[in-house]
Structure formats: structure tokens, C-alpha cells
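The values are calculated or read from the model by the stated rules, or taken from the named source; none is laboratory data. Given the structure is predicted, the values throughout are model-derived calculations rather than measurements. Every residue, glycine among them, receives a Cβ derived from its backbone with ideal geometry; neighbour counts consider all protein chains shown. Note: areas computed on protein heavy atoms with side chains; ligands, DNA, RNA excluded. Shrake-Rupley method; radii C 1.70, N 1.55, O 1.52, S 1.80 Å.
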Amino acid sequence: MAEDPRDWEIETQAVRGGLARTPYGEISEALFLTQSFAYESAQAADDRFAGNAPGFIYQRFGNPTTQMFEDRLALLEGAEQCKATASGMAAIQLSLAGLLRAGDHLVAGRALFGSCRWIVSEWLPRFGVETTYVDATDLEAWKSAGRANTKVFLVESPANPLLEVTAIGAVADIAHAAGAKLVVDNVFATPIFQKPLVLGADIVVYSATKHIDGQGRVLGGAILGAGELMTSAYKDMHRHTGPALSPFNAWVLLKGLETLELRVRRQTETAGKLANFIAGHGKVRATRYPGRPDHPQAAIIANQMTGGGNVVAFDLGDRAAAWKFLDTLEIVDISNNLGDAKSMATHPCTTTHRSMPEAERLEIGLTEGWVRMSVGLEGAGDLTRDVSRALDAA
């Protein structure tokens, strides 16, 4: 009897999960650059469109290369099904739109990526969906925010950019008691270090642009969950609204998954060293890293994460010092991306979270002295030297 891929170690799943070879026996996954597919007969076309026969119809509906990526990521995540999208924001938008209707209510953690915050605050209200924001670390706040018409709870954990961590299992219990679904953005933790579905979440969302690609090449996103929910909430919407991932990007992301575990573990090892160095520097007022014992949610992290990830946040006091730090860096790039092989640092207040009103930024503790750094694959000694020089100048 053939082995069940679900029993494989994660390293094996990342390399061989979802592999579907053509009769040519290619080692690298085949790239199917085609918009549509041909049928042997009119009856065959009818059967496929009716769902009575397997096969692909149109790239927007599905593609063999994209299917391999979806199957492999679902295996890594421990999900029954995955829907790939053209970007991380397409995944966030679809994950909410598939679960919400006019008149529904959403509860969201305050600490959200700027574009996610825009969708929740500006886009959803246009379609009659109301939102209540809560401190995502306050379980009583989650309980109090639920209403009879609450359909979705939304949380990032760790959150962008200050790495706030939410007790996913506890919030899942609260959401389910309120008759709602829990959607978790798991980008910072990756499927290597955190399994929201195992913890009780209903839907997990990724920007595959980040660690899954991890080499600055393509955009992509993914939504994962149980098969019945994924089908009822997303199948038709994914087909008809057109957020499909291109086959080429799917192929690139497949190759990214092969080295995901190796990359994020190496990046995390270096990030831990840098976080400790940064925390000990005299110019730094505060440091946030999920792998440090002084993280405000250290006990939760120990319970639900197996690694701290590659992102470090630290406060230099004001914008002038933060900008001086960024401008002095020689190896680390100034960029709003993260999860890349190249180390990157950004000033969230003027980039990723620029669209958030100042009052809302202050609610999550994001002042203008904070820098978010994504640690790459460079040598730890070189990065420490570069960061040390920039901190001295700040």
C-alpha cells in the first residue's frame, strides 16, 4: 500500500507533496501555460462543466500547475483544501467576502496590516458589513464584541508590524460559541512554526509573496481550510470573480515550498541572535521578537508556536532616529516586503501602515520610532555589524 503523504515529515511534504507528473516523467513540476483546455467531444465538455467528469476547464477555474501548489500547501498546513490567489490581499479579500453578507458583523483584532485594515474599515462597509475592532490579546474583549449577527472573527498572529500574538485556540472557542468562523492570517509564523487549523481556526490565509516565494520574484496568496467550508464559501466566488493565481507564479511558488523549511529555520536562527543584540543596544527603547522571553505574550507563544520567525521590531524613539538607522544600513535593504532571502527593514508609519490614521496606529502602540526588520539569509556576523553601525548612528 502506498504511503499517505500526510504521514511524511514536513521536509518531505515540502518537496514531494502534490506532485503530479505527466507521462514524460519530468523531475521538476510541469508548467502548464494555457488559458483553456480542449475536450474530446461535446459530451465530454458537457460532463466537465456539469461536474460529472474530472478535468480542467479554464485557467481561472483551475490549472494542473496551480493544483500542485494548492495540494502541496494544503499538505503542509494540514488542510483539506487550498484555493490559490493572485496575491495575499486577494486571499484576504476573498476569505472575508466568502463568509460575509450584507447585515453581517465582523470582529477583528486592531493590529492588522494596513491594506487589511482598509478592506475592513473602508471596503466592507460599502456592502453593509459592520466591524468591531478589539485588542486581540484581550479575551474578554473578543467575548464582549460578539453579536447575534457576528459571522467572522479575524486576527493576525503574530501581527504586523509589532508582532503581537493572539491565543488562537481561545479566540476560536469564543468565535464558535458566538456562531462565527475564525480567520487567521498566518504569514509571519508560516506553516513551519504555527498551525492555526490545529489550534481551532476555520480558515488560514497567506500572502505567498512572503516566505513561500521568499526570493522576491512573484506575488501569490492562499486560503486554506476544511473541504466543505472551502467549497461552500469560496468555490463559486473564486471561479467567477477572477482572483486566480497564474500558472507561472504557481510554479515559482512550488519551487519556493521546496526550500521553505530550510530558509525559515535559518532566518529564524539569525533573527534570534539579532533580536538579542538589538535589545541590548543603548539606542533601542523596546524590542519585540516572538523568540525572546520578554515578549508580552511569551507564554502564549510557547504554547502555540515552535519558532519565533524572522521578523524583529524595535523602537528607536522617533522618526528621525528610525530614518537615520535605515539610511545608514549598507547590507540590509530599505523595503516594505518581508520573508525574503535578502534582509529588509522598513518604517511602518510611513510605508506599510501609512493609510492608518494616527489615532489608530497609537491604539496598537505603533509610534514613529518603530522599525520592522525582516531577517534574510546573509551571514549573522555581517548583519550584526551592519545593524550595529546603523544603531550607533541613529
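Residue selection: Ala136 satisfies the criterion of being assigned to a loop (DSSP other than H, G, I, E, B) and within 25 Å of the chain's Cα centre (by Cα). Would you point out the residue of the range 71-96, among those that are in contact with a helix residue (DSSP H, G or I) (Cβ under 8 Å, 6 or more places away or on another chain) and of a type in the set (Asp, Glu), that is least open to solvent (accessible area, probe 1.4 Å)? Ranking the candidates gives Glu77 first. Residues considered: Ala313, Ala299, Ala345, Ala320. Of these, the only one that is out of contact with any Ser or Thr (no Cβ under 7 Å at 6 or more places or on another chain), without any contact (Cβ under 8 Å) to a residue 60 or more places away in the chain and assigned to a strand (DSSP E or B) is Ala345. Across the range 276-288, a minimum of one residue is classified as farther than 19 Å from Leu94 by Cα, touching a Phe, Trp or Tyr at 6+ places or on another chain (Cβ under 6 Å) and open to solvent by 10 Å² or more (accessible area, probe 1.4 Å).
Okay, residues lined up against (1) in contact (Cβ under 8 Å) with a residue 60 or more places away in the chain; (2) among the polar types (S, T, N, Q):
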| position | (1), (2) |
| --- | --- |
| Thr85 | yes, yes |
| Gln93 | yes, yes |
| Val120 | no, no |
| Pro125 | no, no |
| Thr132 | no, yes |
| Glu140 | no, no |
| Val152 | no, no |
| Glu156 | no, no |
| Leu162 | yes, no |
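Residues in the range 178-212 that are in a helix (DSSP H, G or I) and free of Cβ contacts under 8 Å to residues at least 60 places away in the same chain: Pro196 only. Does the range 128-135 contain at least one residue that is in contact with a helix residue (DSSP H, G or I) (Cβ under 8 Å, 6 or more places away or on another chain), closer than 14 Å to Ile364 by Cβ and among the hydrophobic types (A, V, I, L, M, F, W, C)? Checking the range 128-135: at least one residue is in contact with a helix residue (DSSP H, G or I) (Cβ under 8 Å, 6 or more places away or on another chain), closer than 14 Å to Ile364 by Cβ and among the hydrophobic types (A, V, I, L, M, F, W, C).
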